[in-house]
Every structure is written in structure tokens, then in C-alpha cells.
1. Which of Phe122, Pro135, Met107 sits farthest toward the positive end of the charge dipole of segment 105-162, with +1 on the Cβ of Lys and Arg and -1 on the Cβ of Asp and Glu?
2. Find the accessible area per residue for segment 63-106; the probe is 1.4 Å, ligands and nucleic acids are left out, and the unit is Å².
3. At a 1.4 Å probe, what is the % contribution of carbon and sulfur to the accessible area of segment 116-189?
4. Between Ser46 and Ala94, what FRET efficiency comes out of the Förster formula 1/(1 + (r/R0)^6) with R0 = 30 Å and r the beta carbon distance, rounded to 0.05?
5. Using packing as a proxy for protection, rank 119-125, 104-110 so that the peptide with the highest average count of other Cβ atoms within 10 Å comes first.
6. Charges at C-beta only: +1 for Lys and Arg, -1 for Asp and Glu. How large is the resulting dipole of segment 89-189 about its Cα centre, in Debye rounded to 20?
7. Taking segment 33-189 on its own, what percent of its Cα-Cα pair distances exceed 27 Å?
Amino acid sequence: MPSMAISFARRGAALASALALVLSASAQARPVVSAEAAAYAQPPASDAERVLAIHNSERARLGLPPLRWNPVLARDAGQWARELAVRGVAQHSAAASRSGHGENLWMGTAGTWNTQDMLEMFLDERRYFRAAAFPYVSLTGDWTDVGHYSQIVWRDTREIGCAVDTGKGMDVLVCRYFPAGNVMGQSPF
């Protein structure tokens, strides 16, 4: 299957039979309900907008500025997703090859998960998240338990681009963020 810069709607949601692997690249929230948050509740017009809306809904809930879609980040994410799908592995790209971009990865059984399910796994990490300087952002003591979530809600991050690809029986989601979050000694927000 050719690489797709966000063609997620094609997937079903048979969650019980899927295998998921989430990896993370390398803070007390105040709920805010605003007109901006209400706008994200509207059905998105495209897959890119859907991904952006899921990210921005959580950021709006915390009173954080919204992310913007970056097609260059999406293209780069698509290239890496293709490579991972061909190799059949979930592995972060070398930091040097990302030019200051953060990266969230997800891998699961092909055709089993939809995009919202994939991203919800990142957002589910909020249950272990605590507001603190990185890497002390997890209630478990292991920052990798919340690394996807902390990247999504990193205040200084402004842009995102994601892509999904399929290979060797697995779907691979790659999201790239600029500037990168999860910065040692800094607080997410």
C-alpha cells in the first residue's frame, strides 16, 4: 500500500483484536472551555484537520495555544512511516535527521484501529501525567509512560504533521512536532 499523508478514515475499530505498540520521542492542568474549544467539536473536513482537531481539543482543554498543520512535517512523517512499514518495526528516527522536530510513533495490527483510536492511546497517558519539569512528568516515575502526551501538550510546540502507512500486517502512525517538546529541565506548560 502506498504511503498516505493522513488517510486514516479507512480503518475500522475492532479494538479487542489489535496489537498496539506506542513509543515516545526524545506537567497541573487547568480546564478551559472557550469558543476555540467549541470550534474543535465540529466534524473536520479532512483527515489532516481531524488529527489537528484531536490534538487541539486537548490543548484547548488545558488553555494551550492550538497547533497548526505543517505539510512539510506531514511529508517527512510519511517518509518515516513508509520506512517503518517496509521494515516492520517501530523505531524513532535519529534525532539529527529530524532537525529539532519531536516525534510520536504508534504501531498496531493493520486495518484494526482508526486514527482517533491511535491518538487516544497517546491521550490516555494523561492519567499518569503530572505538571513538573521534564523528565519528572510521570506519576509512575518513568517519563516514557507519558512522553506522547507531554509532546502533544508541550506549550512551545506550534506545528504538527502526521502520516500513516501500512506494511507487514501493521499500520504505522508517525507524528512530527515543531519545535520538539520533552526538553530536559523544562516544564510542558
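The values are calculated or read from the model by the stated rules, or taken from the named source; none is laboratory data. What you are looking at is a predicted structure, and each value in this text was computed from that prediction instead of being measured. Backbone-built Cβ (ideal geometry, glycine too); neighbour counts: all protein chains shown. Heads up: the accessible areas ignore ligands, DNA and RNA and are worked out on the full protein's heavy atoms, side chains in. Shrake-Rupley method; radii C 1.70, N 1.55, O 1.52, S 1.80 Å.
1. Of the listed residues, the answer is Pro135.
2. Counting only protein heavy atoms, the per-residue value for segment 63-106 is 44 Å².
3. Of the solvent-accessible surface of segment 116-189, carbon and sulfur hold 50 percent.
4. On the way: r = 30 Å, r/R0 = 1.01.
Between Ala94 and Ser46 the formula returns 0.50.
5. 104-110, 119-125
6. 240 debye
7. Details: 2317 of 12246 pairs.
Taking all Cα-Cα pairs of segment 33-189, the fraction more than 27 Å apart is 19 percent.
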